[in-house]
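The values are calculated or read from the model by the stated rules, or taken from the named source; none is laboratory data. Just so we're clear, the structure is a prediction, and the values are computed from it rather than from any experiment. Here the Cβ positions follow ideal geometry from the backbone for every residue, glycine too, while neighbour counts run over all protein chains shown. What goes into the accessible areas is simple: the full protein's heavy atoms, side chains included, and nothing from ligands, DNA or RNA. Shrake-Rupley method; radii C 1.70, N 1.55, O 1.52, S 1.80 Å.
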Amino acid sequence: SAVDFVVTKNIFTGTSENTFEPMTNMTRAMFVRMLANFNGVDLTQYTGSSFEDVSINTWYGPAIAWAAENKLVMGVSESEFSPDSEITREQMCTLIIRYANYAEIDFKEETDTVLFSDDSSIGSYAKDSVYACQKYKLAAGIGNGKFNPLGTATRAQAATIMMNVVKNQITIDDYKNIPCREVKEYR
């Protein structure tokens, strides 16, 4: 249902017209492009790149330029973004919460915060975001009380998180009526 939702609403597309590849790991570029699509960003307005390893002429270049301009992404260094690297679970949570702050989204608390048993493995930059995503029921642990912050996320897991972002904000009846955006580029 999460994959159907994000594809139907053009939050992100399949890897081709007929495939989604739900078990393929999500890259940093894919995730940022998904956020730009979700926000309805006019990507034609972005013509320069903030990172040496991101060409503005790629399918993700304008989305990363938008995210950098709005301080959603900082890169892996001052000059590199590493767009093809698989996004980690803690990076994904960090980007979701940065995006929520940017878009002025006030999530509803859905559950009490629970300390993960691998809390010491969560990067200091990401800790608040990981626990916010847990508290808002946007992202959950992997079982046995663990979060696995450095584990990667699949495209299906990213779809689930984006569906949870929407579900946290609206009632289930309104959920069906969210307008679709026109996004044709596959990734």
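At-a-glance table
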| item | result |
| --- | --- |
| For the chain, size of Cβ-based charge dipole, Lys and Arg +1, Asp and Glu -1, in debye | 320 debye |
| Helical mean residue ellipticity (222 nm; -39500 (n - 2.57) per DSSP H run of 4+; nearest 500) of the chain | -11000 deg cm²/dmol |
| Solvent-accessible surface (1.4 angstrom probe) belonging to PHE5, in square angstrom, nearest 10 | 20 Å² |
| Relative intensity, log₁₀ I(q)/I(0), of the chain from a Debye sum that treats every alpha carbon as a point, q = 0.13, 0.19 Å⁻¹ | -0.65, -1.44 |
